[in-house]
Amino acid sequence: MSASQPARRCWAEVDLGALRHNAAAARSQLAPGVKVMGVVKANAYGHGVGLVAKTLVGHVDIYGVANVGEAEELRGYLPDAPVFILGPALPDEQARIVAGRFVPSVSTIEEARSYAALAGTGPLGVHLKIDTGMGRIGILEEHAVAAAREILTLRGIAVTGLASHLPVADEDDAFTRDELARFHRVVGKLREAGVVQPVVHVENSAGIIAYPAQAGDMVRAGLMLYGSSPIPAFQPKLRAVMTWKTRITLLRDMPAGHGISYGRTFITPKPMRIATLAVGYADGYQRHLTNRGAEVLIAGRRCPVLGRVTMDQILVDVSALPQVAVGDEVVLIGRQGTEEILAAEVAEKSGTIAWEIFTGVGRRVERVYHE
């Protein structure tokens with residue numbers, strides 16, 4: 001690097017071409033005409049909502065976000081983008097949803113009444129959320145028809161969609177198949193009750209992969225867009241979008257019997273060459289990875305993380321790599337040479353899920369975009 005281009009300490013490279021590839025992989029699972037919602041909540045799963053959303057233009061039909069603040073931010077990048085709000089809104093957020101003409105999910109009659117009053121002559125399109133097993137939001141399926149009949153009498157809103165969510169599509173096949181059957185039966189009853197031509201959506205990434213025939217009119221692609229499959233067998237069809245990198249900031253030769261990091265939870269069993277890396281839990285490299293067999297890639301080889309993960313630094317054994325030097329690139333998630341560390345691997349070793357690994361990559365980690 002030149003003086004005008006200082007070396008980055010810790011950064012995430014985002015491959016926009018891989019993002020488009022994964023969107024195509026999602027669509028290839030579906031019957032013609034099924035729409036795709038690109039879920040870009042939580043700053044596009046930590047990838048950066050601005051360029052991610054722009055890259056997905058023409059590859060998704062609508063965007064999904066968690067709340068009105070995210071919806072307004074997205075519209076700052078794409079002023080005309082159709083946006084669906086996945087979660088419920090606080091009372092003072094509902095007016096902003098109406099003003100922005102975002103599409104809210106509705107879980108109660110009270111929510112529907114509030115939107116109807118705010119929308120005036122509208123009508124504001126809303127999607128009725130039905131709880132078929134998630135237990136988080138939505139009208140319980142046994143109450144859905146009665147609630148819908150009352151909601152349909154409200155002026156100012158129109159029920160333009162019917163939705164639910166799959167809680168165990170990547171874990172429990174029997175429950176998921178039963179849930180999908182129950183959801184589509186409820187949809188049929190709601191059509192009979194007067195919900196005319198709704199957009200029907202229930203499937204997340206796991207559902208898209210495992211149950212494409214039950215997709216309905218639209219799916220909600222999230223994790224798979226970013227190159228991580230909740231169904232391991234599908235992983236080869238996706239390309240990782242994020243490669244998370246850092247650098248070696250220090251190299252030291254440590255004697256046998258020396259403690260490594262806080263708590264001295266690792267003691268060198270022999271003389272070892274230890275690299276200090278410019279990443280820690282403040283950047284999103286989880287402290288739960290402490291002494292859990294985590295590895296990084298240096299010079300195309302796996303190197304074990306030693307001792308506790310600290311706020312700004314981690315320590316790695318590079319005894320087998322005498323050629324490495326201060327400033328060398330290190331891959332935390334991604335490919336280097338013939339080796340690859342997937343977000344799913346890091347998640348498993350830290351006792352969490354890939355979603356949390358992506359969204360946990362901190363704001364001081366610079367995002368660098370390329371095709």
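A simple spin-label model places the labels of residue 28 and residue 192 4.0 nm from each other, with each point 7 Å out along Cα-to-Cβ.
With a simple spin-label model that places each label point 7 Å from the Cα along the Cα-to-Cβ direction, the separation between residue 270 and residue 339 comes to 1.8 nm. Each principal axis of the Cα cloud of the stretch 169-317 was evaluated for its coordinate range; sorted largest first, these ranges are 76, 27, 26 Å. Residue 252 exposes around 120 Å² of accessible area when a 1.4 Å probe is run over every protein chain in place. Loop-located GluC sites (Glu not before Pro) across the stretch 158-204 with a Cβ neighbour count of 12 or fewer within 10 Å are 171, with loop assigned by DSSP. Shown here are the Rg and Dmax of the Cα trace of the stretch 35-106, at 11.2, 33 Å. Between residue 109 and residue 329, the contour length at 0.36 nm per residue exceeds the alpha carbon distance by 73.7 nm. Given the options 72, 110, 340, state which has the largest fluctuation in a GNM of the chain using a 10 Å cut-off (strictly under) for Cα springs. Fluctuation is largest for 110. In the frame of its principal axes, the chain has Cα extents of 77, 48, 39 Å, reported largest first.
The dipole here belongs to the stretch 104-243: it is taken about the Cα centre, uses +1 on the Cβ of Lys and Arg and -1 on the Cβ of Asp and Glu, and is about 420 debye. Using a probe of 1.4 angstrom and keeping all protein chains present, the accessible surface of the stretch 75-215 works out to 45 square angstrom per residue.
Length gained on full extension, residue 171 to residue 145, computed as 0.36 nm times the residue gap minus the Cα-Cα distance: 6.4 nm. Taking springs between alpha-carbon atoms closer than 10 angstrom, which of 190, 277, 250 fluctuates most in the Gaussian network model of the chain? Among 190, 277, 250, the largest GNM mean-square fluctuation belongs to 250.
Each of 272, 211, 293 was scored by the projection of its Cα onto the charge dipole of the stretch 180-314, and the greatest displacement toward the positive side belongs to 272; charges sit on the C-beta of Lys, Arg, Asp and Glu.
In terms of its C-alpha gyration tensor, the stretch 273-371 comes out rounded, because the ratio a/c of the largest to the smallest axis stays below 1.5. When the P(r) is computed for the stretch 269-322, the part past 17 Å accounts for 31% of the Cα-Cα pairs.
As I understand it, the dipole of the chain uses +1 on the Cβ of Lys and Arg and -1 on the Cβ of Asp and Glu, about the Cα centre. Which of 250, 33, 118 lies farthest toward its positive end? Selected residue: 250. What's the FRET efficiency of residue 299 with residue 73 using the Cβ-Cβ distance as r and R₀ = 41 Å, to the nearest 0.05? Using R0 = 41 Å, I get an efficiency of 0.55.
What is the stretch 115-195 by shape, rounded, prolate or oblate, if you read a ≥ b ≥ c off the alpha carbon gyration tensor as root eigenvalues and call it rounded for a/c under 1.5, prolate for a/b larger than b/c, and oblate otherwise? Prolate shape, in that a/c is at least 1.5 and a/b is the bigger ratio. The ratio of the alpha-carbon radius of gyration of the stretch 71-179 to the globular-protein estimate 2.2 N^0.38 Å is 1.14. Could you give the Stokes-Einstein D for the stretch 84-143 in µm² per second, using the C-alpha Kirkwood radius, 20 °C, 1.002 mPa s? It diffuses with D of about 182 µm²/s by this estimate. If you take the Cα centroid of the stretch 273-331 and the Cα centroid of the stretch 165-215, the two points sit 43 Å apart.
When the surface is traced with a 1.4 Å probe over the full set of protein chains, residue 54 keeps roughly 100 Å² accessible. Per-residue packing, averaged as other Cβ atoms within 10 Å, sorts the ranges 320-331, 158-169, 128-139 into the order 158-169, 128-139, 320-331, beginning with the highest.
Restricting attention to the chain, close to 50% of DSSP beta bridges with both partner residues there are antiparallel. Only Lys, Arg, Asp and Glu carry charge here, each on its Cβ (+1 for the first two, -1 for the last two); on that basis the stretch 306-371 has a dipole of about 260 debye about its Cα centre.
The values are calculated or read from the model by the stated rules, or taken from the named source; none is laboratory data. Only a predicted model underlies this, so the values are computations on that prediction, with no experimental measurement involved. Cβ atoms come from the backbone with ideal geometry, glycine included; neighbour counts cover every protein chain shown. Only protein heavy atoms, including side chains, enter the accessible area calculation; ligands, DNA and RNA are left aside. Shrake-Rupley method; radii C 1.70, N 1.55, O 1.52, S 1.80 Å.
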